[in-house]
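Encoded as structure tokens, the structure appears first; notes follow it.
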Amino acid sequence: MYREALGEYQTKFHDVKLGLARAMSLNLGQEVSYIENAFSLESGLDVAAMNFYPPNLNSKGTIRLADHTDPGFIISLVQNLDGGLQILTHQGKWVNVHIPPNAILIQVGEHLEVLTNGKYKSRIHHVTGNYKAKRITLVTLHGPSADKFVAPAQEFVDDSHPLAYRGMTYSDGLKSNDNHEIEVQSCTAQHRILLP
């Protein structure tokens, strides 16, 4: 039953993913199929993980999954309750993410940040222990094919916006988060070019 439900979710979410790619392409001033083509999303690789966090009544302020960003084009998150996730703002403050019931949270992935040379940003986030009930999540990394090489596109590099990242494959991003050794030194951080 789980397999069928997950398969149906992934099939239906495919249209959402393409719709977001098209809207983001237009937002960037590009053709509607720009991101879809750049990532070859029709043959892309989605990686899903289900997580269970038991209640932790004495855990106010504790971190249950360290600061990190995620590889891919976008990341979708479905969970059974509101709370448990914080995102680091541009001002360096942690804010709670509120996800209404039956909603899907969408985050920008590292590979979209690289492709757009930082116009879209993958936000640093972590999982907190601030909840009194079990938290169940389904996180899906939506990306290009594993061997797709993604580098900043020439459309987003100029004198005012110099090259900010080295290129990387989707599998590079997945490997950087391998073995549950997630840390803020994400794949994007490892591929950032330090400018003078």
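A short reminder: the numbers here are calculations on the coordinates, not readings from a lab. Everything numeric here is computed off the predicted structure, so don't read it as measured data. Cβ atoms come from the backbone with ideal geometry, glycine included; neighbour counts cover every protein chain shown.
Computed quantities for the displayed model
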read-out	value
In order through segment 29-46: 3J(HN,Hα) via Karplus (6.51 cos²θ - 1.76 cosθ + 1.60), integer Hz, x for Gly, Pro	x, 10, 4, 4, 9, 4, 5, 4, 6, 4, 9, 6, 4, 5, 10, x, 10, 9
Mean-position separation - Cα centroids, segment 1-46 and segment 79-100, in angstrom	24 Å
Size of segment 105-158 as Cα extents on the principal axes (Å, biggest first)	49, 24, 13
Residue order, fewest to most surrounding Cβ atoms within 10 angstrom, among Tyr170, Tyr9, Tyr120, Tyr165	Tyr9, Tyr120, Tyr165, Tyr170
Fewest-first ranking of Glu42, Glu113, using other Cβ atoms within 10 Å as the exposure measure	Glu42, Glu113
Reachable aspartates and glutamates, given that their alpha-carbon falls under 19 Å from the alpha-carbon of Lys12 and they are not under 8 places away in the same chain	Glu4, Glu36, Glu42, Asp46
Nonlocal amide H pairs with Asp46, under 5 Å, H built at 1.01 Å	Gly143
Cα→Cβ-extended label distance, 7 Å offset, between Ile104 and Ala23, nm	1.1 nm
Stretch gain in nm, segment Tyr2-Ala146, where the contour uses 0.36 nm per residue and the Cα spacing is subtracted	49.3 nm
Label-point separation, Glu155 to Thr62 (7 Å along Cα→Cβ), nm	4.7 nm
Most fluctuating residue given options Ile75, Ile99, Ile35, as computed from a GNM of the chain linking Cα atoms under 10 Å	Ile99
Equivalent ellipsoid, segment 1-58 (semi-axes from 5 times Cα gyration tensor eigenvalues, Å)	31, 16, 10
Rg in Å to one decimal, and Dmax rounded to a whole Å, for the chain via C-alpha atoms	17.0, 55
Spacing of the two label points (7 Å from each Cα toward its C-beta) at Asn80 and Lys121, in nm	3.4 nm
Links that overshoot a 23 Å alpha carbon limit, given the list Lys17/Lys121; Lys93/Lys121; Lys17/Lys93; Lys93/Lys119	Lys17/Lys93
